[in-house]
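As structure tokens, the structure follows; a few thoughts come after it.
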């Protein structure tokens, strides 16, 4: 009898502890809340300096880094898009191909990832033809944004998880996910613009 009571007592303590841990560590995900975290962030001159790799200062860092901020954010989105589709990491930069892939090229793709690579949504700025950045500039900025504005990656990751859940991984899904990337990238670009409207208040 004593042994049985002891077992019940231990189980009760464990269940209570699990319930407490769940209630104290589990925070509901709010998409709008994550967007709000970005738009209301005070991005200081020091943030802009670190974003650009600490090679220019203050006012010039702010001017230079506005475009860097946007393209680093959408690059994070591409990384999460590829991850959600179980593809490899973001590819090293190459020269930009301005022509759309032909129907024959698309039909000849031997794998889903090869098909995706043909239509991946990138721009000349994200290529060896960029007149703005070196590839290393984007890598530095992405690493900093992951520390300073983790909401960017959280938003892309959660939306892609929701969009692909229980769905067959095929060309149709690839197209759907790219469309979703465009929508999220557009929204994140807008909230980054809202964040930058606070620049005067965040001047240091």
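Taken together, the values in this text are just the output of simple stated rules run on the coordinates, not laboratory data. Owing to the predicted nature of the structure, the values given are computational and were not obtained by experimental measurement. Cβ coordinates were reconstructed from backbone atoms using ideal geometry, including for glycine residues, and neighbour counts include every protein chain displayed.
Ordering 112, 68, 131 by the number of other Cβ atoms within 10 Å of each residue's own Cβ, fewest first, gives 131, 112, 68.
Can you compute the label reach from residue 146? Point 7 Å from Cα along the Cβ direction, backbone N cut-off under 16 Å, restricted to region 73-109. Answer for this model: 73-84, 88-92. Gain on full extension, evaluated as 0.36 nm per residue between residue 31 and residue 158 minus their Cα-Cα distance, stands at 44.9 nm. Between helix 135-148 and the chain there is an angle of about 30 degrees, using the helix long axis and the longest principal axis of the Cα atoms.
For the chain, the longest principal axis of the Cα atoms and the long axis of helix 58-84 meet at an angle of about 60 degrees. Seen against the Cα atoms of the chain and their longest principal axis, helix 2-25 is set at about 30 degrees. Compared with the rule-of-thumb size 2.2 N^0.38 Å for a compact globular protein, the chain has a Cα radius of gyration ratio of 1.33. Taking 22 Å as R0, compute the FRET efficiency from the Cβ-Cβ separation of residue 58 and residue 132 and round it to 0.05. Calculated value: 0.65. Relative contact order for region 32-196: 39 percent, from Cα pairs under 8 Å spaced at least 6 residues apart, divided by residue count. Each listed q (0.21 Å⁻¹) maps to a log10 I(q)/I(0) for region 145-191, found by the Debye formula over equal Cα scatterers with no solvent: -0.73.
Under the simplified labelling scheme, the residue 190-residue 83 pair shows an inter-label distance of 2.5 nm, with each label point 7 Å from Cα along Cα→Cβ. Going from the residue with the fewest nearby Cβ atoms within 10 Å to the one with the most, 195, 177 rank 195, 177. Annotation: the residues 167, 122, sorted from fewest to most other C-beta atoms within 10 Å of their own C-beta, follow the order 167, 122.
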